[in-house]
Every structure is written in C-alpha cells, then in structure tokens.
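Below: one structure, written as structure tokens.
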Amino acid sequence: MIRVGLVGYGYWGPNLLRNFVKQSDCVVVAVADQDPGRLKAAQHVYPGVALVASAKELIAREDVDAVVVSTPLPTHYPLARAALERGKHVFVEKPLCGSVREAHKLVDLAERKGRILMVDHTFIYSGAVRRIRELIDAGELGDLRFYDSVRINFGLFSQDTNVIWDLAPHDFAIMRHLIDEPPVSVAATCASPVRWKDWNLPSLAYLTVRFANELIAHFHVNWLSPVKIRQTILGGSRKTVVFDHMDPDYQVKVYERGLEARTDADRHVLMVQYRTGDMVAPKIDAREALEFVCAHFVQCIRDGKRPLTGGREGLEVVRLLEAAQRSFERGGKAVRT
C-alpha cells in the first residue's frame, strides 16, 4: 500500500483527498493544514486520518511515502523540495511552481532521488482530451491550423497570483499535450480593471502562442465574466474539433467542414472551395478525470513509470506561464520560450 499524506485541505484539497481515498492500492494516513477549522472538516468526513498542524510535521512522518501538495502557489516549491529531500514521492497541484528556475530544480532533485514528481494537470486525463488526442494520432484532423481557447467566469481572486497563473495552466497543459510542436513565443495582453488598495493584479488576459509553422494558439482567460465558458476549438485541414466542457452531453464535437485553396491555372487567381460535412459527437468516458489522475500517480509509484504529467511536463507549462508574465510586464511584446 502506498501511504499518502495531504498538505492543504482548502479549495482543491477535499477533491484530492476524496479521490485518493478511492484508490485500492493506497491509503491516506495524514492531512496537514494550518487552519484548525479545515482539519476539523477533514476529520468529520475521514475520521481515521491523522491530523497535523504543519506541513513540516507531515513531511517528516515515517509512515508517509508520498506527499500531495494542495496549497497556494508560492508554497509549492519549498514544500515539494522538502518532501523530495526526505525521499518522498510528490504530487503538486497545478502549476508546478512559480518559475522555470524552481521547476528545473525540482525536476533535477526528483531524478537524483529516484522519486516520482507529478503535476495535477487534471484535464489531460479527462475523457474528452483523451478522445481528441486519439483523433489527432489517427490523423483525423489533418494538419493543425489553429487553436482557440476560452476559459472565463467569475474567478477566485487571490492575493498572491493573477489570472494567467490561475487559469492558463489548464489550457497551456492541454495545448502542450495535443500539439506536438514546441511553441516559440508568447504574447500577453492583460488588464486590471479590479483594484483595491495595493492590489492591481491582472484579472483578464488574452494570450497568443506562436509555433515555428503558421499555427497560432490563442487563449482568453478572465475572472470577470458572469457567463461561464470552457471551450477549445482545434482546427485542422481535414476536420475541426470543438471541446465544450460545459456541455454535459456532447463535450466533443467533430466537424467535417473546412476549406481548400487552389490556384486557377487559366485565370491565375486564388480559388477557395468550402467543404461542408457532418458533425459527429463521439462517445467519451464520462468518469471523473481527477480519479484517473490520482490512480495514475499511485500506479507510477508502484510500477516506477514516468507520469503523463510529470515534472518535465509541468516545467514546460511553467515556461509558458513565465514567458506570458514577462510579456505582460513588457507591454504585450512577444517573448521567446
């Protein structure tokens, strides 16, 4: 049995604890949180789990094989580093940490210690994204031409992070998983319409990621929208996929529609022919993605296999986030990744 300790029982921690408890080949032995009220809430639901007031105490426990970090972003690096140095496997809520420099250190430390380092990029494990990846691998979409993503709704305003670091990790992770080409630059246009005393962090942003070919990925992330939209469109030369996370019945739709351009040899003009076909909504696995995430982490520890969203994948997402942050600070100028 893999013995797991959870640090942080706040916003996302209860979801992680619930799904780790489901795993038949692991046991959650302890939960740490600085808030006594949160510990009391955990004890009410899971009376057999030990409660500790500090992450340091949990990490030091001999009966903990793996540490799950579900705390604010600034604490990810020190907690993950401390756990790895103690020889623990580590699972970190997204994003991995707050800088490329820190991410490199964690990846190197995990490799030196021979321990699993995994990041909770939950959507990679969803039935919808797995199905889209299958379509790409089968060549159903053809050559990728554009990637467009919207993730907006009223957000959880935070004192220590902005909308880019809060929402974009989801979409950057999905993009890096679906597009095999490495991105070459990021440009970020941001705004801070909500201000309070010294707090003026961006609460909405438009991000553009360019690749070496003509492919462009565009993202809209926003904490201010009263309408909740979670939609990604991936267009190819043959077919286009729409991933609508808010559609409970048809999260993935495949459109056999597109256009073909050719030159009329006689008139020497560009001819565009539009292709209109069917829309197909393939059946997808509707099980909770987070259950797959937790099961995968336990399996990787047990079998010594590399995680699908391991430290290096987490590093690449942080690289994009850091580049977007630098672009915002430079007035939206493109920053090479």
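What follows draws every value from the coordinates through simple rules; no lab data is involved. Because the structure is a prediction, the values reported are computed rather than measured. Please note: Cβ atoms are built from the backbone with ideal geometry, for glycine as well, and neighbour counts cover all protein chains shown.
Quick notes
- Per-residue HN-Hα couplings for the range 102-115 [Karplus 6.51, -1.76, 1.60; θ = phi - 60°; Hz; x = Gly/Pro]: 5, 4, 4, 4, 5, 4, 5, 5, 4, 5, 5, 7, x, 10
- For the chain, the longest principal axis of the alpha carbon atoms and the long axis of helix 311-329 meet at an angle near 70°.
- Projecting the Cα atoms of Tyr206, Phe146, Pro78 onto the dipole axis of the chain, where Lys and Arg carry +1 and Asp and Glu carry -1 at the beta carbon, places Pro78 farthest toward the positive end.
- Dipole of the range 7-101, positive end: most advanced residue of Gly13, Leu39, Leu58 [Cβ charges, Cα centre]: Gly13
- The string of couplings for the range 65-81 from the Karplus curve (6.51, -1.76, 1.60, θ = phi - 60°) is 8, 9, 10, 9, 9, 10, 9, x, 3, x, 8, 4, 5, x, 6, 5, 4 Hz, one whole number per residue in order, with x for Gly and Pro.
- Evaluated with a Cβ-only charge set (Lys, Arg +1; Asp, Glu -1), the range 1-148 carries a dipole of roughly 280 debye about its Cα centre, given to the nearest 20.
- Placing unit charges on the Cβ atoms only, positive for Lys and Arg and negative for Asp and Glu, gives the range 160-213 a dipole magnitude near 180 debye about its Cα centre.
- Centre-to-centre, using Cα atoms only, the range 1-17 and the range 109-139 are separated by 20 Å.
- For the chain, the relative contact order is 19 percent, taking Cα pairs closer than 8 Å that sit 6 or more residues apart in sequence and dividing their mean separation by the residue count.
- Spatial offset of the range 301-315 relative to the range 56-104 amounts to 14 Å, using the alpha carbon center of each.
- Within-12-Å neighbourhood charge of Tyr250 [Cβ basis; K, R +1; D, E -1]: 0
- Longest DSSP-loop-exposure-free segment, GluC sites (Glu not before Pro), the chain, at most 13 other Cβ within 10 Å: 63-213
- Here the Karplus curve 6.51 cos²θ - 1.76 cosθ + 1.60, taken at θ = phi - 60°, turns the phi angles of the range 118-133 into couplings of 9, 10, 7, 8, 4, 5, 4, 9, 6, x, 5, 5, 4, 5, 5, 4 Hz, with x standing for Gly and Pro.
- Difference of contour (0.36 nm per residue) and Cα-Cα distance, Asn200 to Arg112: 27.7 nm
- Pairs from the list Lys56/Lys94; Lys56/Lys105; Lys94/Lys228; Lys94/Lys333 with a Cα-Cα gap above 29 Å: there are none.
- Cα-centre dipole for the chain with unit charges at Cβ (Lys and Arg positive, Asp and Glu negative), debye to 20: 480 debye
- Positive minus negative residues near Val29 (Lys, Arg vs Asp, Glu; Cβ under 11 Å): -1
- Global geometry of the chain, whether rounded, prolate or oblate, following the gyration tensor of its Cα atoms and the 1.5 cut on a/c: prolate
- Against the main long axis of the alpha-carbon atoms of the chain, helix 289-303 sits at an angle near 60°.
- Electrostatic bookkeeping for Ala188 treats Lys and Arg as +1 and Asp and Glu as -1; over the other residues with beta carbon under 15 Å from its beta carbon, the sum is +3.
- Angle of helix 163-178 to the longest C-alpha principal axis of the chain, folded into 0 to 90 degrees and rounded to 10: 70°.
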